[in-house]
Amino acid sequence: MPWPFLIATAAKIIGFTFVIILPLIAYSTYAERRISAIIQDRVGPNRVGIPLTLFGGSKDLPFFGLLQPVADGLKGLFKEDLTPAHVRKVFYWMAPALTLVPSLVTLCVIPFGSELRIFGHPVKLVIADLGVGPLFIFAIASLSVYGIALGGWSSNSKYPYFGGVRSCAQMISYEIALGLSIIPVLMVFGMLNLSDIVSYQAEHGWLLAPFWGEGLTWQRWLLLLPLGISFLVFTTSVFAETNRMPFDLPECETELVGGYHTEYSSMKFALFFMGEYAAMIVGSALVVTVFFGGWSLGFGLDEALLRNAAGEWRSFAGLAHLGAFVAKIVAFVIFFMWVRWTLPRFRYDQLMKLGWVFFFELALFNIFLAAFIIAAPSLGWPRTVIGLGVLAALVFAAIAVTRSVEPPARHRPHPSSR
């Protein structure tokens with residue numbers, strides 16, 4: 001391999017993963033604590049700042065508590081690392097790393113900018129420009145459940161073990177809906193390369209906001225219905241895959257004490273914590289890339305501000321796109337946190353029912369709906385209407401069958417009526 005390619009790849013790995021994503025993970029913990037404090041009408045962390053008194057100053061600078069993640073990291077590193085005697089030690093030590101690493105590996109196929117020109121050579125702002133980006137992300141991201149399951153099993157305790165088993169069941173239930181929900185998106189794009197998908201959206205409009213560019217036909221507007229359903233199923237499945245509230249059943253304190261990481265402390269517990277936030281950031285990055293234009297500024301701003309007269313990207317376009325991409329991720333991460341501190345936790349039977357009975361069928365029928373709309377010009381209106389009618393009949397039949405096999409709900413009398 002040529003040396004410039006190796007140097008550029010190493011720079012992208014270090015710059016994107018260690019300079020941008022890891023600090024974003026650290027400050028996601030600070031942001032969640034501040035956002036939850038705002039929702040619950042309290043203060044949150046606002047004390048840890050610049051310790052000027054250590055250097056002879058009269059007082060410290062609180063600096064809005066922005067150095068709280070640094071203090072938390074130092075505490076995790078220097079806190080006593082306790083390994084219980086009853087655990088299966090090798091697997092107990094492996095589990096936290098197996099939770100964090102897959103989330104970081106999936107970042108390599110997500111484009112975080114258009115391109116930069118370095119010494120006259122164009123450099124794509126993506127670590128590995130694979131032609132099967134979404135499939136690679138699904139394959140690698142699903143491996144993180146092994147870390148959770150392994151942590152629960154190796155703890156040799158019933159509550160962590162229950163949490164690990166719950167996580168496996170949850171992953172299987174929502175991985176199917178996650179994969180099915182993105183098929184209509186790939187049918188619209190006709191490609192699997194994430195860089196090409198983002199470039200297409202930059203020219204023709206974001207997937208869920210096609211308000212500029214060429215090719216805005218009636219078919220494109222009709223496709224907003226199946227694409228909106230795909231976004232709903234995909235986003236909810238990402239919540240379930242990352243074990244975030246209201247899908248945090250593998251670690252719920254009321255039932256399992258702390259779930260799969262009950263027996264962990266110090267930096268090993270911090271790695272589980274980082275794995276959850278890394279998965280949340282990767283999920284947000286994938287949603288932004290597929291549905292909201294990735295690094296594209298949108299609304300025609302890319303063409304107006306970042307291209308020259310020859311149609312090429314300006315020298316600073318890559319950095320501008322990187323800033324837009326990170327801003328979108330931050331906005332979606334805040335949405336994750338807002339949902340967590342707004343909705344109550346599901347019961348486990350509700351979680352399973354939502355995944356198998358509702359989202360699975362909805363995502364499956366949504367594929368046929370998108371296919372009919374895409375094929376409408378070649379099929380003709382009569383066949384399209386007949387096909388949609390048959391699809392609607394199948395939907396109502398599936399709903400009827402599902403309701404017929406459900407046990408009747410039991411209504412417990414109110415205590416006051418006894």
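The values are calculated or read from the model by the stated rules, or taken from the named source; none is laboratory data. None of the values given here were measured: they were computed from a predicted structure. Quick reminder, even Gly has a Cβ in these numbers, built from the backbone with ideal geometry, and neighbours come from all protein chains shown.
Taking interchain pairs and intrachain pairs at least six residues apart, which have beta carbon atoms under 6 angstrom, with the first residue in segment 235-259 and within 13 Å of F272 (Cβ to Cβ) and the second assigned to a helix (DSSP H, G or I) and aromatic (F, W, Y)?
From segment 235-259, the pairs are P250/Y260.
Given F292, F299, F269, which one is surrounded by fewer than 24 Cβ atoms within 10 Å (Cβ to Cβ) and modelled with pLDDT of 90 or more?
Residue meeting the stated conditions: F292.
What number goes with the only condition from (1) at pLDDT 85 or above; (2) in a helix (DSSP H, G or I); (3) of a type in the set (V, I, T) that T53 does not pass?
Among (1) at pLDDT 85 or above; (2) in a helix (DSSP H, G or I); (3) of a type in the set (V, I, T), T53 violates only (1).
Without any contact (Cβ under 8 Å) to a residue 24 or more places away in the chain, part of a helix (DSSP H, G or I), among the aromatic types (F, W, Y) and within 26 Å of I20 (Cβ to Cβ) - does that describe any residue in segment 61-72?
Yes: one or more hits.
Count, please, the residues in segment 165-201 that happen to be among the small types (G, A, S) and either under 19 Å from Q219 (Cα atoms) or not in a helix (DSSP H, G or I) (or both).
In the first step, residues of segment 165-201 are kept if they are among the small types (G, A, S); the result is 167, 169, 173, 177, 179, 181, 190, 195, 199.
Narrowing the set further to residues that are either under 19 Å from Q219 (Cα atoms) or not in a helix (DSSP H, G or I) (or both) leaves 190.
So the answer is 1.
If Y264 satisfies every condition in (1) part of a helix (DSSP H, G or I); (2) farther than 17 Å from N366 by Cβ; (3) of a type outside the set (D, E, K, R) but one, which is the exception?
(1)
Can you tell me how many residues within segment 300-350 are part of a loop (DSSP other than H, G, I, E, B) and of a type in the set (V, I, T)?
1
Select from segment 237-261 the residues that are of a type outside the set (A, V, I, L, M) and part of a loop (DSSP other than H, G, I, E, B) and write down the one among them that is surrounded by the most Cβ atoms within 10 Å (Cβ to Cβ).
N243
Is there a residue being hydroxyl-bearing (S, T, Y) and under 19 Å from the mean Cα position of the chain (by Cα) anywhere in segment 267-282?
Taking every residue of segment 267-282 in turn, at least one turns out to be hydroxyl-bearing (S, T, Y) and under 19 Å from the mean Cα position of the chain (by Cα).
Could you pull out the residue among A393, A375 that is within 24 Å of V233 (Cα to Cα), modelled with pLDDT of 80 or more, out of contact with any helix residue (DSSP H, G or I) (no Cβ under 8 Å at 6 or more places or on another chain) and assigned to a helix (DSSP H, G or I)?
None of the others qualify; the one that does is A393.
Quick check on segment 168-191: of everything there that is under 28 Å from G152 (Cβ atoms) and of a type in the set (V, I, T), which residue is surrounded by the fewest Cβ atoms within 10 Å (Cβ to Cβ)?
Across segment 168-191, the extreme among qualifying residues is I172.
Are any residues in segment 202-235 under 28 Å from M171 (Cα atoms) and in a helix (DSSP H, G or I), and if so, which ones?
The answer is L224, L225, P226, L227, G228, I229, S230, F231, L232, V233, F234, T235.
Return yes or no: is F360 part of a helix (DSSP H, G or I), closer than 30 Å to R33 by Cβ and either in contact (Cβ under 8 Å) with a residue 24 or more places away in the chain or in contact with a helix residue (DSSP H, G or I) (Cβ under 6 Å, 6 or more places away or on another chain) (or both)?
no
Please work out which residue is surrounded by the fewest Cβ atoms within 10 Å (Cβ to Cβ), limiting yourself to segment 30-68 and to residues that are among the basic types (K, R) and under 16 Å from V333 (Cβ atoms).
Within segment 30-68, the subset among the basic types (K, R) is 33-34, 42, 47, 59.
Retained after the next criterion (residues that are under 16 Å from V333 (Cβ atoms)): 33-34.
Numbers: R33: 18, R34: 20.
In this case the residue turns out to be R33.
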